[in-house]
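Working notes for the structure below.
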Amino acid sequence: DFAPTALFAISPNLLLTHPSLPPKSVKEFIAFAKQYPGKLNYSSSGSGSTQHLSGEMLKVMTGIGIVHIPYRGTAPSMTALLSGEVEFSFSNIPAALGYVQNNRLRAIAITSAKRSALLPNLPTMDEAGVPKFETSTWYGLLAPAGLPAPIAEKIHGDLSKLLQSPELRDRFAAAGMEARSMPPAEFAAFVKREIAKWGKVVKASGAKAE
């Protein structure tokens with residue numbers, strides 16, 4: 001139904017734990033979860049969200065027994081973690097950064113392929129011991145199927161020029177997003193890979209959207 005036209009930004013999640021939880025690294029967290037199967041609850045902004053599926057991917061890739069608790073939005077999900085109602089969560093950088101900086105939450109890894117300039121000392125999930133674990137919320141432009149290629153390329157070209165603006169890139173960075181230019185064919189291939197990746201996670205975990 002749609003023609004992927006241009007990807008323009010990617011925003012990774014943080015793996016967050018309540019400070020009362022003993023583990024201080026991903027390896028310690030996985031070992032702790034295996035020691036107490038089915039005892040660790042994680043919040044998300046809703047079933048089918050990237051936070052939910054990040055948790056299911058972690059479950060599939062590591063074999064730990066964790067329990068998903070969906071909330072109606074990021075704010076109540078974060079409140080549940082801050083209060084200790086749940087033990088951990090995945091959340092985007094803008095929603096969590098302030099709590100991490102004032103030590104109300106502990107960030108133990110970032111889900112992107114490389115580290116964030118906002119948290120340069122925080123390891124990626126891959127570096128922390130879960131190889132090839134990468135999840136992000138991505139933002140792109142879609143057009144109706146059958147959009148002529150020259151028009152798609154024109155849209156991508158204009159968007160790429162906008163993304164060269166230092167002011168725009170700084171605003172993206174402040175919001176925890178990385179400006180990323182991706183042309184139509186590359187974006188279409190990326191979408192196919194994302195569908196395949198998440199399809200496997202959904203099938204293996206039995207996750208359902210609300």
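Assorted remarks:
- Label point 7 Å beyond Cα of PHE2 along Cβ direction - residues of the stretch 174-191 with amide nitrogen under 18 Å: 180-191
- Out-of-range pairs (alpha-carbon distance over 31 Å; input LYS132/LYS154; LYS154/LYS200; LYS59/LYS161; LYS24/LYS114; LYS34/LYS132): LYS132/LYS154; LYS154/LYS200; LYS59/LYS161
- ILE155 accessible area, assembled protein chains, probe 1.4 Å, Å²: 60 Å²
- Computed over the chain with a Gaussian network model linking Cα atoms closer than 10 Å, the most mobile of PRO70, PRO22, PRO183 is PRO22.
- Rounded to the nearest Hz, the phi-derived 3J(HN,Hα) couplings of the stretch 187-195 under the Karplus curve 6.51 cos²θ - 1.76 cosθ + 1.60 (θ = phi - 60°) are 5, 4, 5, 4, 4, 4, 5, 5, 4, where x marks glycine and proline.
- Mean projected area (nm²) of the alpha-carbon convex hull when the stretch 85-185 is viewed from all directions: 8.9 nm²
- Mean accessible surface per residue for the stretch 1-77, computed with a 1.4 Å probe while every protein chain stays in place, in Å²: 41 Å²
- Shown in residue order for the stretch 2-19 are the 3J(HN,Hα) couplings computed by the Karplus curve 6.51 cos²θ - 1.76 cosθ + 1.60 at θ = phi - 60°: 10, 10, x, 10, 6, 7, 9, 7, 9, 10, x, 9, 10, 8, 10, 10, 6, x Hz (x for Gly and Pro).
- For THR124, the residues whose modelled amide H falls within less than 5 Å of its own, excluding neighbours fewer than 5 places apart on the same chain, are ILE110.
- Sum of -39500 (n - 2.57) over DSSP H runs of 4+, divided by residues of the chain (222 nm, nearest 500): -13000 deg cm²/dmol
- Sequence-ordered 3J(HN,Hα) estimates for the stretch 94-101 from the Karplus curve with 6.51, -1.76 and 1.60 and θ = phi - 60° stand at x, 6, 10, 4, x, 5, 5, 5 Hz, glycine and proline given as x.
- Average accessible surface area per residue within the stretch 156-210, 1.4 Å rolling probe, Å²: 66 Å²
- Above 21 Å, the calculated P(r) of the stretch 38-109 contains 18 percent of its Cα-Cα pairs.
- Rounded percent of accessible protein surface that carbon and sulfur make up, the stretch 84-210, 1.4 Å probe: 58 percent
- Relative intensity, log₁₀ I(q)/I(0), of the chain from a Debye sum that treats every alpha carbon as a point, q = 0.10, 0.12, 0.14, 0.15 Å⁻¹: -0.46, -0.65, -0.86, -0.97
The values are calculated or read from the model by the stated rules, or taken from the named source; none is laboratory data. If you're wondering where the values come from, they're calculated on a predicted model, not measured in any experiment. Cβ coordinates were reconstructed from backbone atoms using ideal geometry, including for glycine residues, and neighbour counts include every protein chain displayed. Protein only, heavy atoms only, side chains kept; ligands, DNA and RNA dropped before computing areas. Shrake-Rupley method; radii C 1.70, N 1.55, O 1.52, S 1.80 Å.
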